[in-house]
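Read the figures in this text as sums done on the coordinates, not as results from a lab. This is a predicted model, so every value here is computed, not measured. Don't worry about glycine lacking a Cβ; one is built from the backbone with ideal geometry, like all the others, and counts go over all protein chains shown.
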Amino acid sequence: MSRPLNVVVAGSFPYPHGMATTKRIQRVIDGLHRQSGVSLSVLSLRQAPDSSPGTGVHQGIPFTTALARVSGTSSLLGLPVLWRRAIRYLKKTRRAEADNVLYKYASPSLDDIVPTYYARRIGYRVVYDIVEDDEVAAGISRSKKHKVKVWISRRLFTRTRCPADGVVAISSSLAEKMTAALGGTVPVHLHRISVDLAMYPETPYQPHVPPLMLYAGSFGHKDGVEQLIDAFDRIAASHPTVRLALTGRGEAVRMAAARTRAEASPYRDRIDWKGYLNDDEYYRLLRNADIPCVTRIDTAYAQAGFPFKLGEFLAAGKPVVVSRVSDVDALLTDRVDALLVPPGSAGAIAEAVDFCLRNPVDARRIAAAARETAARHFDCHAQGQRLWLFLKEVCNETRNR
């Protein structure tokens, strides 16, 4: 008889409210929750005290926070408290009759080293969910903490020191890198972005008047927001009613750069700076958008990951303009289920948007195919079944060693 599966999803992320990281975690939970014999809980190691309640139940899943997010020296001083609380939670949550899995979001860090090794000692299998290439990210990061994190990750993700029993990767590039780094000794599962299609009512695409372009994300260097605004300037010159909405949040310096570029636009009165929106506001904006844009520039960092918002935009049944990065070309076809553009090309973005605005019949066709592609590749419930099978495989293999 198959043993039940007890999964603790852990990491330093905001929960239950947040952006792409939180939604990645939530869709993993949604997919696993439907599987037979699975119990779930969430351990947020750190999160800002004003971002979410510290403890509670969200959509039937209990969650707790080990430590409110602090910075600087106090962040290090708080580690013993964080470790002690995390260990206590892992001990309390462990079920003797089940296969216990610590599903750890992102690479090893100071926050989770001690709790992770403790979890393994008391019988948890440890599975890492890798969504970015830390080594590449360190090259563009200004954060000393990030560089320390990468140093730790490099030393732990080797075949002799790795605390992982399994690895989940968001892109084929990261899956290959993890397989190579671990010498093939640890199973690796490709689990791309996820969407819950029930959150996006299936309605025929109908352009709004005035038409609205949309960017939503972290405003990072990889996202090419300035290039998107360059493209908007070109479009706005020939389409006098088109608007652009920008929403999300990120590092202050990057947000300031995007804001400065938007204010320098000759069409700045048609650029709506929305800032960070809660889920209800964001999904309302997405429903009212006509052409969502998933822009990227051609960097190793962008090529390693996979844009989370792409899944949401496709599921919403929109003609999405998306840069050709990572696995995009393997999953989407230009002018069939999306409009693919070279990364960093403002001219190509403008051309793709212009095509949608001048060809509403083609835009509707692409939008309908977009939702079908989201259902085929990114449905969280189908992905959840495959992830459940992977976690069961990891538990069976480690039990038989």
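Quick notes on this structure:
- Around the Cα centre of region 197-377, unit charges on the Cβ atoms of Lys, Arg, Asp and Glu (plus for the first two, minus for the last two) sum to a dipole of about 180 debye.
- P(r) tail, region 293-401: Cα-Cα pairs separated by more than 15 Å, 66% of all pairs.
- Relative to the longest principal axis of the Cα atoms of the chain, the long axis of helix 20-33 makes an angle of roughly 60 degrees.
- Cα long-axis angle, helix 279-288 against the chain (0 to 90 degrees, to the nearest 10): 30
- Estimated FRET transfer efficiency (ASP354, GLU251; beta-carbon r; R0 30 Å; 0.05): 0.40
- Cβ-Cβ FRET estimate between TYR117 and GLU393, R0 fixed at 25 Å, reported to 0.05: 0.65
- From most to least packed by mean Cβ count within 10 Å, the peptides 171-182, 55-66 give 171-182, 55-66.
- Using Cβ point charges alone (K and R +1, D and E -1), the dipole size of the chain about the Cα centre works out to roughly 1700 debye.
- Mean Cα-pair separation over length for the chain, i.e. relative contact order, pairs under 8 Å, 6 or more apart, %: 16
- Theoretical ellipticity at 222 nm over the chain - DSSP helices of four or more residues, -39500 (n - 2.57) apiece, nearest 500: -13500 deg cm²/dmol
- P(r) histogram, all alpha-carbon pairs of region 273-322 included - 10 Å bins from 0, percent: 22, 49, 27, 2
- Pairs of C-alpha atoms in region 197-377 farther apart than 27 Å represent 17 percent of all such pairs.
- The protection proxy used here, the mean number of other Cβ atoms lying within 10 Å of each residue, ranks peptides 201-213, 107-119 as follows, highest first: 107-119, 201-213.
- Over region 197-377, relative contact order from alpha-carbon pairs under 8 Å, at least 6 apart, %: 26
- Over the chain, all Cα pairs binned in 20 Å intervals from 0 give whole-percent P(r) values of 27, 56, 16, 0, listed from short to long.
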